[in-house]
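Nothing in this text is a laboratory measurement; each read-out follows from the coordinates by a stated rule. Bear in mind that the values here come from a model prediction, so they are computed numbers and not experimental data. A quick note on method: Cβ atoms are made from the backbone with ideal geometry, for glycine too, and the neighbour counts reach across all protein chains shown.
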Amino acid sequence: MFSTRSTGRQGVISEVHEATSLYNPCMNLAEFRRLLTPVGQTALEAAEALAPREEDYLRCFQELCRLFPADLARPALEIAINRGKAEAKFPFAAQLYFSREALEQASAWQVATYRAGRYRPFVSVLDLGCSAGSDTLALAGVTRVMGVDRDPLRLALARANAEALSLGERAGFIQADLRDPLPLGRLDNAALFFDPARRAAGRRLHSVRAYQPPLEIVNTWLANFPALGVKISPGVDLAELAPYAAEVEFISLDGELKEAALWFGPLHSAVRRATLLPGEHTLAAAPAPALPLRQPGAYLYEPDPAVLRAGLVANLGEQIGAAQLDADIAYLTADSRVATPFARLWQVEDWFPFSLKRLRATLRQRDVGQATVKKRGSPLQPEALLRDLRLSGSQERVIFLTHLRGKPIAVIALPNPVSR
């Protein structure tokens, strides 16, 4: 940490020398408010022109301090760095304001706007734990929204973001502690969206009982606001959700599991749901018989992680007419190809009971020099297996290490997924 005082040229030089090359964001409310002034916006433009990254912080700080006081250069750089990172989540990142932690917790815009769509029937929504307002912005696209948070800096960030996107008339903000009674009484045709803090002291909180505030607080709101959605970690222990009469939805984006949500009351539409973005492909739980077991066919299906977490492998298998290799393994197989957004499809070239010697010989016979190893149910480590295989050919393959009716097998597939 370095001083925020600037006492002329000598003071700036002293502060730069005290600065560390390790990025340590610590913007406060007063600094952020100053950043919104004309001189602050000029400093922010200068910071953005440097295209700063965390690893470039010291160099950029020194350069910016030639033009602006250190206590203005530092928050300008922090916002500029975060805007660069936010490009992975927001199409309009260059207009937004985030602290590092608020950005880390923010939903990707495609996820936030998809989720906001459930609130279209409601006149208004309370965004509880709104932080820097990423979900508030998405909700404001479908209805009026009031963001609530106890952190004054995050509320200031949220207000600035709403103004930047010309949503100030559709989004308001209130400072309040969610552990106290909600600052509004019963509202007609209103719903809640709750985003509890899932980090403390920089560490992830895995139990819903450790969220801030804990998930159980929803029980105090449901009587007045039965329409309630909650953002939770996709790695949540499903056993902890058993006391809650809510739909559990798992959401993936571009094949990566991103979030989970609970939906109560009028927002509830299924017991479990897997949703894939983009495209809003959704698979809801329904009674499904156990899938038949069989050896690998011509195609191997690798279900999307949202389908896996939602426990909908049997539903997917029934939908596409596929079988399982093993009752406890989520790979599906079939002799015919059925296009589905819910799984990646691989063309099987060969399979056999696992034997390192046979696998090495088969791959060498096919002139395979590069392989990707995927596994489910196998204790083998892919890196160690690749070292033991000592491949040196010109072809590429994908190796699946898994089980067939409890017995270890290797499946060799062509290198690229079959087009859906």
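Assign one of three labels to region 102-282, namely rounded, prolate or oblate, based on the Cα gyration tensor with a ≥ b ≥ c the square roots of its eigenvalues; rounded applies when a/c is under 1.5, prolate when it is not and a/b is larger than b/c, and oblate otherwise. Judged from the Cα gyration tensor, region 102-282 comes out rounded (a/c under 1.5). Within the same chain, lysines fewer than 8 places from K85 are excluded, and of the rest, those with a Cα less than 27 Å from its Cα are K231, K258.
With both labels modelled 7 Å from their Cα along Cα-to-Cβ, the E396 to E318 distance reads 3.8 nm. Can you give the Rg to Rh ratio of region 225-291, both from alpha-carbon atoms, with Rh computed by the Kirkwood formula? Expressed as Rg/Rh, it is 0.98. Shape of region 147-238 from its Cα gyration tensor (a ≥ b ≥ c, root eigenvalues): rounded if a/c is under 1.5, otherwise prolate when a/b > b/c, or oblate? Oblate, because a/c is 1.5 or more while a/b does not exceed b/c.
If you take the beta carbon distance between K375 and S336 as r and set R0 to 22 Å, what does 1/(1 + (r/R0)^6) give as a FRET efficiency, to the nearest 0.05? Taking R0 as 22 Å, the efficiency between K375 and S336 is 0.30. Listed by chain and number, the lysines placed with their C-alpha closer than 26 angstrom to that of K357 are K374, K375, K407; residues fewer than eight positions away on the same chain are left out. 3J(HN,Hα) along region 216-227: 4, 4, 4, 5, 7, 9, 5, 4, 8, 9, x, 8 Hz, from the Karplus curve 6.51 cos²θ - 1.76 cosθ + 1.60 with θ = phi - 60°, whole Hz, x for Gly and Pro. Database remark: amide H of H281 closer than 5 angstrom to the amide H of L276 (H placed geometrically; neighbours at sequence offset of 5 or more, or on other chains; Pro and chain starts carry no H).
Kirkwood's formula applied to the C-alpha pairs of region 299-413 gives a hydrodynamic radius of 14.7 angstrom. The residue among L77, P266, L380 whose Cα reaches farthest toward the positive pole of the charge dipole of the chain, with charges on the beta-carbon of Lys, Arg, Asp and Glu, is L380.
The sum of -39500 (n - 2.57) across all DSSP H runs of n ≥ 4, divided by the residue count of the chain, sets its helix-only mean residue ellipticity at 222 nm to -8000 deg cm²/dmol. When the chain is treated as a GNM with alpha-carbon contacts under 10 Å, the residue of A274, A51, A201 showing the greatest mean-square fluctuation is A201. For the pair N24 and A284, label points projected 7 Å from Cα toward Cβ lie 5.3 nm apart.
Quick one: net charge of R120's neighbours, Cβ under 14 Å, K/R +1, D/E -1? Residues close to R120 contribute a combined charge of +3. What is the sum of charges around L50, taking Lys and Arg as +1, Asp and Glu as -1, for the other residues whose C-beta is under 9 Å from the C-beta of L50? Charge balance in the 9 Å sphere: -2. Binning all Cα-Cα separations of the chain at 20 Å, short to long from zero, yields these whole-percent fractions: 23, 42, 30, 4. In a Gaussian network model over the chain where Cα atoms closer than 10 Å are linked, find which of V142, V248, V307 has the largest mean-square fluctuation. In this elastic network of the chain, the residue with the biggest mean-square fluctuation among V142, V248, V307 is V142. With each label modelled as a point 7 angstrom along the Cα→C-beta vector, the S419-I174 pair spans 5.4 nm. Computed extension gain for A384 through I217, at 0.36 nm per residue and net of the alpha carbon distance, reaches 55.4 nm.
Entry note, the chain: relative contact order of 8 percent, from Cα contacts under 8 Å with a spacing of 6+ residues. What angle do you read, to the nearest 10 degrees and between 0 and 90, between the alpha-carbon axis of helix 38-49 and the longest principal axis of the chain? So the helix axis and the longest Cα principal axis differ by about 30 degrees.
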